[in-house]
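Enquirer: Here's a structure for you.
The values are calculated or read from the model by the stated rules, or taken from the named source; none is laboratory data. Because the structure is predicted, anything quoted here is derived from the model rather than measured. Cβ atoms come from the backbone with ideal geometry, glycine included; neighbour counts cover every protein chain shown. We work out accessible area using only protein heavy atoms, side chains counted, and drop any ligands, DNA or RNA first. Shrake-Rupley method; radii C 1.70, N 1.55, O 1.52, S 1.80 Å.
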Amino acid sequence: MSLSEIPRLSDLVAESTTRRSFLRDSALSLVIPAAGAALASCSKEGSAPPQQRGAATATAQQPVTGVQPHNSDSRLDSSVLKGEHHVGSSATGPATAGIASLAYHRFAPELPPLPSAHTQQLHFHAREAPIRIDDTTIIAGWTFEGDIPGPIVHTRVGDTVEFTLTNDADIPHSMDFHAAQIDPKEAFKSVVKGQSLTFKFTPKYAGAFMYHCGTAPVLMHIGSGMFGAIIVSPRESLPAARDFVLVQNEFYLAEAANGSRASDYQKMLNTLPDIVCFNGRPNQYVKEPIRVKVGDRVRFWVVSAGPSHPCHFHIVGEQFDTVYLGSPPGNSLRGVQTFTVPPGGGMIFELLCDVAGEFPFVNHGFGHGQKGAIGILLVE
Ligand SMILES: [Cu+2]
């Protein structure tokens with residue numbers, strides 16, 4: 001691919017509109033409100049034991065309704081496929097609030113510095129929020145901390161993360177850190193509106209890890225925006241570099257209504273996305289490139305949040321001198337052109353920028369690169 005082949009935004013919009021029209025006419029459209037549906041999705045799991053195991057601590061009692069929300073990745077969306085539940089759209093009230101004045105912002109890709117303390121306390125709120133992802137599209141998002149993806153977390157092997165999730169949303173949500181080894185039935189269980197859950201973990205392995213809401217149906221919660229990256233640095237320093245985090249995801253969207261586009265669960269099941277992008281916005285680093293200097297070593301921590309597709313990561317005109325498939329500094333390959341990050345996975349890509357120029361970084365599965373999973377690394 002050459003620079004001249006980088007898609008113009010107008011082309012993407014035109015392509016997307018055509019596809020939306022096709023899907024609108026052909027896809028089954030479910031309109032039952034998501035709130036009741038997601039509550040229903042938890043209703044058959046009402047027997048979660050109250051005892052605390054592992055390091056998870058509920059800080060408030062769940063309502064006594066006979067409905068004890070409980071999630072697990074193992075349930076996934078099988079119950080939905082059996083027709084027990086009805087989840088069609090993310091368009092809940094708060095997810096479409098304040099549309100008129102909503103501004104676009106670029107998602108900063110820089111890896112935040114490590115905290116100096118060896119114990120890091122994080123408090124995320126699950127909440128619904130509209131997110132402007134480009135000039136023409138506002139998503140009715142389900143979020144951690146009001147953005148898609150959620151905040152980049154940076155910790156280190158052997159350090160401790162003390163995490164609290166508070167749910168401000170009408171439907172249950174939860175948190176699943178792939179960097180943790182912990183009893184998921186306790187730590188990753190769903191939290192209902194107004195409640196909080198605290199747990200802690202100590203990462204054993206370095207790497208680029210995904211986090212996500214694990215409340216059933218997981219597909220709907222990840223697909224509506226509840227994901228992010230937790231970067232675990234090794235105890236020993238990696239080579240000095242400019243570190244950037246890229247989280248690829250897909251959006252599956254209904255037609256605009258009340259100024260925003262809800263996530264469409266039936267489209268998610270069909271796995272034909274409208275948009276594929278890095279850090280929640282299609283083409284954002286084409287419009288505002290990632291800038292480095294000649295001579296810089298650059299390290300991309302790439303996470304594929306999915307919910308269903310991988311990222312075939314490639315930089316046009318460059319090669320990765322090192323790709324860490326697992327915990328760095330081991331587990332590395334040398335001299336790699338493209339490597340695939342699976343959904344739910346993360347890998348680390350390093351290169352030495354010894355040539356000046358504009359280098360497109362892409363998902364080389366070009367159906368998805370064309371839908372927005374592309375950016376520019378500008379070496380000056
Ligand atoms: Cu959720």
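Enquirer: Provide a single number: the residues in the range 341-360 that are surrounded by 15 or more Cβ atoms within 10 Å (Cβ to Cβ) and either under 20 Å from F227 (Cβ atoms) or modelled with pLDDT under 95 (or both). Outline the logic, then answer.
Expert: Residues of the range 341-360 surrounded by 15 or more Cβ atoms within 10 Å (Cβ to Cβ): 341, 343-353, 357-360.
Add one more test, that the residue is either under 20 Å from F227 (Cβ atoms) or modelled with pLDDT under 95 (or both), and what stays is 341, 343-349.
The number of residues fulfilling the criteria is 8.
Enquirer: Assess whether I182 counts as being open to solvent by 10 Å² or more (accessible area, probe 1.4 Å), more than 13 Å from the ligand (Cβ to nearest atom) and either within 25 Å of R281 (Cβ to Cβ) or in contact with a Phe, Trp or Tyr (Cβ under 9 Å, 6 or more places away or on another chain) (or both).
Expert: Numbers: open to solvent by 10 Å² or more (accessible area, probe 1.4 Å): yes; more than 13 Å from the ligand (Cβ to nearest atom): yes; either within 25 Å of R281 (Cβ to Cβ) or in contact with a Phe, Trp or Tyr (Cβ under 9 Å, 6 or more places away or on another chain) (or both): yes.
When the stated conditions are applied, I182 passes them.
Enquirer: Of the conditions (1) more than 10 Å from the ligand (Cβ to nearest atom); (2) under 18 Å from the mean Cα position of the chain (by Cα), E162 fails just one. Which one is it?
Expert: (2)
Enquirer: Just checking, how many residues over the range 185-200 are β-branched (V, I, T) and within 15 Å of the ligand (Cβ to nearest atom)?
Expert: The initial filter retains those residues of the range 185-200 that are β-branched (V, I, T), namely 191-192, 198.
Subset that is within 15 Å of the ligand (Cβ to nearest atom): 191-192.
Matching residues across the range 185-200 total 2.
Enquirer: For the range 149-156, does any single residue satisfy the condition of being within 16 Å of the ligand (Cβ to nearest atom), among the hydroxyl-bearing types (S, T, Y) and open to solvent by less than 20 Å² (accessible area, probe 1.4 Å)?
Expert: Scanning the range 149-156, I find no residue that is within 16 Å of the ligand (Cβ to nearest atom), among the hydroxyl-bearing types (S, T, Y) and open to solvent by less than 20 Å² (accessible area, probe 1.4 Å), so the answer is no.
Enquirer: Looking only at the range 201-209, decide whether some residue is over 21 Å from P310 (Cβ atoms) and among the aromatic types (F, W, Y). Steps first, please.
Expert: Keep residues of the range 201-209 that are over 21 Å from P310 (Cβ atoms), which gives 201-204, 206.
From what's left, among the aromatic types (F, W, Y): 201.
Yes, the range 201-209 contains at least one residue that is over 21 Å from P310 (Cβ atoms) and among the aromatic types (F, W, Y).
Enquirer: Would you please list the contacts, defined by Cβ atoms under 8 Å and residues six or more apart or on different chains, that run from a residue in the range 171-191 that is acidic (D, E) to a residue that is in a loop (DSSP other than H, G, I, E, B) and buried (at least 24 other Cβ atoms within 10 Å of the Cβ)?
Expert: Listed by first residue and then by second, the contacts come to D176/F188; D176/C213; D176/G214.
Enquirer: Looking for something modelled with pLDDT of 95 or more, out of contact with any Lys or Arg (no Cβ under 8 Å at 6 or more places or on another chain) and more than 16 Å from the ligand (Cβ to nearest atom) - is there at least one such residue anywhere in the range 215-225?
Expert: no
Yes or no, residue by residue, for (1) of a type in the set (G, A, S); (2) over 15 Å from the mean Cα position of the chain (by Cα):
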| position | (1), (2) |
| --- | --- |
| Q181 | no, yes |
| A187 | yes, yes |
| F199 | no, yes |
| P203 | no, yes |
| V218 | no, no |
| V232 | no, yes |
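Enquirer: Scan the strands (runs of 3 or more DSSP E) fully inside the range 226-314 and keep the ones with 1 or more residues being under 22 Å from G146 (Cβ atoms), away from the ligand (no atom under 16 Å from the Cβ) and of a type in the set (G, A, S).
Expert: On the way: elements: 227-233, 242-251, 253-257, 260-263, 275-278, 290-292, 297-306.
In the range 226-314, 227-233, 253-257, 260-263 are the strands (runs of 3 or more DSSP E) which contain 1 or more residues that are under 22 Å from G146 (Cβ atoms), away from the ligand (no atom under 16 Å from the Cβ) and of a type in the set (G, A, S).
Enquirer: Output the residues belonging to the range 272-321 that are of a type in the set (S, T, Y) and open to solvent by 30 Å² or more (accessible area, probe 1.4 Å).
Expert: Quick first cut of the range 272-321, residues of a type in the set (S, T, Y) only: 285, 304, 308.
Correct list: S308 only.
Enquirer: To continue, here is another question. Select from the range 202-214 the residues that are of a type in the set (F, W, Y) and open to solvent by 10 Å² or more (accessible area, probe 1.4 Å) and write down the one among them that is farthest from the ligand (Cβ to nearest atom).
Expert: Of the residues in the range 202-214, the ones of a type in the set (F, W, Y) are 205, 209, 211.
Keeping just the survivors that are open to solvent by 10 Å² or more (accessible area, probe 1.4 Å) gives 205, 209.
Values: Y205: 25, F209: 18 Å.
So the residue we want is Y205.
Enquirer: Answer with yes or no whether V80 is within 16 Å of the ligand (Cβ to nearest atom), among the hydrophobic types (A, V, I, L, M, F, W, C), open to solvent by 10 Å² or more (accessible area, probe 1.4 Å) and modelled with pLDDT under 95.
Expert: Criteria met by V80.
Enquirer: Would you confirm whether or not the range 167-179 contains a residue that is away from the ligand (no atom under 16 Å from the Cβ) and open to solvent by 20 Å² or more (accessible area, probe 1.4 Å)? I'd like the intermediate steps shown before the answer.
Expert: Just the residues of the range 167-179 that are away from the ligand (no atom under 16 Å from the Cβ), to begin with: 179.
Cutting the leftovers down to open to solvent by 20 Å² or more (accessible area, probe 1.4 Å) gives us none.
No, that holds for no residue.
Enquirer: Could I ask something else about it? What pairs can you find where one residue is in the range 309-331 and of a type in the set (F, W, Y), the other is in a loop (DSSP other than H, G, I, E, B), and their Cβ atoms are less than 8 Å apart, with a gap of 6+ or different chains?
Expert: So the pair list comes out as F313/H364; F320/Q337; Y324/G330; Y324/N331.
Enquirer: Counting just the residues of the range 124-141 that are surrounded by fewer than 23 Cβ atoms within 10 Å (Cβ to Cβ) and charged (D, E, K, R), which one comes out farthest from the chain's Cα centre (by Cα)?
Expert: D135
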